[in-house]
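Comments concern the structure below.
The values are calculated or read from the model by the stated rules, or taken from the named source; none is laboratory data. Owing to the predicted nature of the structure, the values given are computational and were not obtained by experimental measurement. So basically every Cβ, Gly included, is an ideal-geometry build from the backbone, and we count neighbours across all protein chains shown.
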Amino acid sequence: MTSTMQKTLHHWVAGARVEGTSGRTSEVTDPATGEVTAHLPLASADEAAAVIAAAKAAFPAWRDTSLARRTQILFRFRELLDARAPELAALITAEHGKVLSDAAGEVARGQEVVEFACGMPHLLKGSATENASTGVDVHSVRQPLGVVGIISPFNFPAMVPMWFFPVAIATGNTVVLKPSEKVPSAALWIAELWSEAGLPDGVFNVLNGDRTAVDALLTSPDVKSISFVGSTPIARYVYETGTAHGKRVQALGGAKNHMVVLPDADLDLAADQAVNAGFGSAGERCMAVSALVAVGDIADTLVSKIADRARALRTGDGRRSCDMGPLVTRAAQERVSGCIDAGESEGAVVVVDGRQGEFDADGSGFFVGPTLLDHVGTDMTVYTDEIFGPVLSVVRVETYARAVELINANPYGNGTAIFTNDGGAARRFQNEVEVGMIGINVPVPVPMAYYSFGGWKNSLFGDTHAHGTEGVHFFTRGKVVTTRWLDPSHAGVNLGFPRNG
Ligand code: NAD
């Protein structure tokens, strides 16, 4: 479908729009209508190198800008973002499809990281020891890395980049952000907001592109670190390639999040939360619940409560006060429908079928309605694969021990939740389960900005999670300074290893 409103997008380099010159472009669509809304330039290796060079040129001055001044700019960015958040939410809905309230929630969670980074003077304080040895003092500092690369996925066009860049910028680095080519406008909007907040040119740059741009970031000696979020195969590739090129890399991958419901749980609460966590953002969240593990004899009741709620959801254009929006692309819609077909043919019972339904939208959007599958076996592809759509699979098990065994056997370890009124069981669960983020009667346990976000196993390559103090650590290098102001009594040659005394 064509539209007279199609825009041609650009890169953002050294504080200005830069048109693409590679001749390669990709289409950006409005998932609710199926319309092409923009053409995105995909950078060549040379264009990528020019963006990296702009960030490199901006680094010395930004590194030497006082913490007080850097923080003032962050505060200003926070104020502008707060005032203009609805604009950003609207851009997210127009390219991602999630409903406006969900897009606003994403912006708010990203803003929390900006607020965290506003406290950077405190977070960057080093330590000092007087008289560590006689007349010798020691102190430590943390310094920025240089140019840092951020490569983000389609599902959180604003929040995921904001997990990283506020901390990177506040600690004195300069940034090249490579957003997902499906949802580039949020990053470009944010770049303009930074300029308005007074960030010097070149500190925050947006490089649009595909694998060519990613590879340029991974291999350039001028890029000192990579923060990646996306699917597990690409996360693994990014980690292996980036580290082979001498960079520190944090690469967050895919997920298969289990929600365990014990027999003593409040089943109405559990059903509400399963629907929220399974179908919010059409299941396109790395913390979405995709496997509901019903323990004991509650499954029939729980499935029926979830089904009632899922059938009542209104799916349609995210700008129309619907509960759930479309999937991001036609390909995603077809893939998710195919997953449901496969589950059905493998023996799952389709209790609520999102392949059919009424969708509140004009045009031909990429819709799949909420889908509930029961009696899902752990060998079925709907269980083993990350579907990344509004498909909730119910796995029935007899015991708590079996539920934990399933989670620990899963190759992913991003998030998990347990619903119970038994504190002892919950405590045992948080201790035994091999997953990075745990919810107890909380279905989507996304940590606050001052904690760190990250999974285990195939959900994260590298050992540093996003934001919080781990983020500060990732974007800085430690230095320890040992000082002696000489007095004549310390003179003399001594080739022995320095000892304390
Ligand atoms: P994706 O892996 O397809 O893309 C992520 C980024 O990698 C994009 O910027 C894309 O342009 C780039 N990319 C894609 N293919 C590439 C290739 N062959 N070589 C180099 N770069 C490439 O992921 P997506 O579909 O945009 O996002 C959804 C995935 O992200 C899901 O698996 C989801 O679980 C995951 N995710 C994880 C987290 C987390 O915190 N662990 C958060 C959000 C999303």
(message) Looking at T378 and the list (1) of a type in the set (S, T, Y); (2) farther than 25 Å from F156 by Cβ; (3) more than 16 Å from the ligand (Cβ to nearest atom); (4) touching a residue at least 40 places away in the same chain (Cβ under 8 Å), which single condition is not satisfied?
(response) (4)
(message) Just to check your reading of the model, which residue among L218, L252 is closer than 26 Å to D46 by Cβ and surrounded by 23 or more Cβ atoms within 10 Å (Cβ to Cβ)?
(response) L218
(message) Among (1) surrounded by 15 or more Cβ atoms within 10 Å (Cβ to Cβ); (2) modelled with pLDDT under 95, there is one condition T134 misses while meeting the rest; what is its number?
(response) (1)
(message) It is to be established whether one or more residues within region 330-338 are within 16 Å of the ligand (Cβ to nearest atom) and either assigned to a loop (DSSP other than H, G, I, E, B) or within 20 Å of the chain's Cα centre (by Cα) (or both).
(response) yes
(message) Go through region 443-501 and report how many residues are away from the ligand (no atom under 16 Å from the Cβ) and among the small types (G, A, S).
(response) 6
(request) Test V176 against the criterion of being more than 10 Å from the ligand (Cβ to nearest atom) and either of a type in the set (K, R) or buried (at least 24 other Cβ atoms within 10 Å of the Cβ) (or both), and give yes or no. (result) yes
(message) I'm trying to understand the selection: among the residues of region 28-41, which are crowded, with 20+ Cβ neighbours inside 10 Å and outside any strand (DSSP E or B)?
(response) P31, A32, T33
(message) Quick check on H139: is it assigned to a helix (DSSP H, G or I), away from the ligand (no atom under 16 Å from the Cβ), surrounded by fewer than 21 Cβ atoms within 10 Å (Cβ to Cβ) and at negative phi?
(response) no
(message) Quick check on my filter: what residues within region 204-227 are closer than 25 Å to F77 by Cβ and either within 7 Å of the ligand (Cβ to nearest atom) or among the aliphatic types (A, V, I, L, M) (or both)?
(response) V206, L207, A213, L217, V223, I226
(message) Checking the conditions here, which among A401, A417, A425 is without any contact (Cβ under 8 Å) to a residue 12 or more places away in the chain, more than 20 Å from G110 (Cα to Cα), among the hydrophobic types (A, V, I, L, M, F, W, C) and away from the ligand (no atom under 12 Å from the Cβ)?
(response) A401
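Residue by residue, here is whether (1) β-branched (V, I, T); (2) within 17 Å of A14 (Cβ to Cβ); (3) modelled with pLDDT of 95 or more; (4) not in a loop (DSSP other than H, G, I, E, B) holds:
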{"residue": "V176", "(1), (2), (3), (4)": "yes, yes, yes, yes"}
{"residue": "K182", "(1), (2), (3), (4)": "no, no, yes, no"}
{"residue": "A187", "(1), (2), (3), (4)": "no, yes, yes, yes"}
{"residue": "E192", "(1), (2), (3), (4)": "no, yes, yes, yes"}
{"residue": "P200", "(1), (2), (3), (4)": "no, yes, yes, no"}
{"residue": "T212", "(1), (2), (3), (4)": "yes, no, yes, yes"}
{"residue": "R236", "(1), (2), (3), (4)": "no, no, yes, yes"}
{"residue": "T241", "(1), (2), (3), (4)": "yes, no, yes, yes"}
{"residue": "G246", "(1), (2), (3), (4)": "no, no, yes, no"}
